[in-house]
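Data first, discussion second: the structure below is written as structure tokens.
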Amino acid sequence: MDKNLKKQQEIYDRSWRSSLKSGKEEHGNLQTNLEFLEQTNLLQTNYKILEVGCGIGNIVFELTKQGHDIIGRDISSEAIAHGQKKYPDINIEVQPAEELNFGDEAFDIVLSFDLFEHVVQIDKHISEVFRVLRPGGYYMFQTPNKYSNIIFETLQTRTLQWRNYHPSLHSPGQLKRRLSGHGFDVRFVKMNPVNKFTIKKFKKLGPLGNIFKYINFCRLPLALQTNLYIIAEKTRQ
């Protein structure tokens, strides 16, 4: 791991250490992420699946229970150590998203949730995902929508500090162009993320946040989605 990735690891180790100390084990919307995977109907039990940025391994655990052949990797040694204790029967290890230590065409599906926006060397990450996917394989992931996330984070923190921890935010158009340039065919899936997790998050905006629990985001244009759910198929060798 190079020095820049080592520095990132230290940042996310501190973040996870603080979160776990306060009892927070999930950094993303687990319920909606699992609903997305179910809705796509693309996961087969004979497929080899990799989740990049797996955190403590909640999704790896859930999919393993369903009979899927899945492993997880995350840059944070704190998250992985906690997950290995909580879920001793799953395969999760420390590994950055930009350096996937696997052979070419090793997986049918690569997953990531709340990872893409954090990766500084985003083209290197996409190239690695492309390399480890078999022809016709899928990179299925979720990332905040640049349009809505900038507004939310700026209102919440009253600063522009989101640029430090979200260096790779993308709009739908930017995301499609970037992935297409790496040989992926891209389509978006609209999901309604409103549940206990997001309602608690929206409350940070004050009275304005109460509005969001009445919105069905599946009916809104792609540009107004809070999060982008993507199915990127490897179509080019």
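Laboratory data are not the source of any read-out in this text; all were calculated from the coordinates shown. The model shown is predicted, which means the values in this text are computed figures rather than measured ones. A quick note on method: Cβ atoms are made from the backbone with ideal geometry, for glycine too, and the neighbour counts reach across all protein chains shown.
At 7 Å along Cα-to-Cβ for each site, give me the label-to-label distance between ARG236 and ASN210 in nm.
5.1 nm
Just tell me which lysines come within less than 29 Å, Cα to Cα, of LYS65; anything on the same chain fewer than 8 places away is out.
LYS21, LYS24, LYS48, LYS85, LYS86, LYS190, LYS196, LYS200, LYS201, LYS234
Between ASP2 and GLU26, what length comes free when the chain is fully extended (0.36 nm per residue of separation minus the Cα-Cα distance, one decimal in nm)?
Numbers: separation 24, 0.36 × 24 = 8.64 nm, distance 2.72 nm.
Contour length minus the Cα-Cα distance gives 5.9 nm.
Got the relative contact order for the chain handy, in percent, Cα pairs under 8 Å and 6 or more residues apart?
Relative contact order of the chain: 18 percent.
How high is the FRET efficiency between ALA106 and ILE199 when r is their beta carbon distance and R₀ equals 45 Å, given to the nearest 0.05?
The formula returns an efficiency of 0.70 here.
Work out the FRET efficiency for ILE11 and GLU99 from their Cβ-Cβ distance, taking R0 = 22 Å, and round it to the nearest 0.05.
It comes out at approximately 0.85.
To the nearest 0.05, what FRET efficiency results for LEU42 and LEU222 with a Förster distance of 22 Å applied to their C-beta separation?
0.65
Could you give P(r) for region 3-234, binned at 5 Å from zero, as whole percent values over all Cα-Cα pairs?
That works out to 1, 6, 14, 19, 21, 19, 13, 6, 1, 0, 0, in percent per bin.
If each of ASP69 and LYS85 carries a label point 7 Å out from its Cα toward its Cβ, how far apart are those two points in nm?
With each label placed 7 Å out from Cα toward Cβ, I get 3.2 nm.
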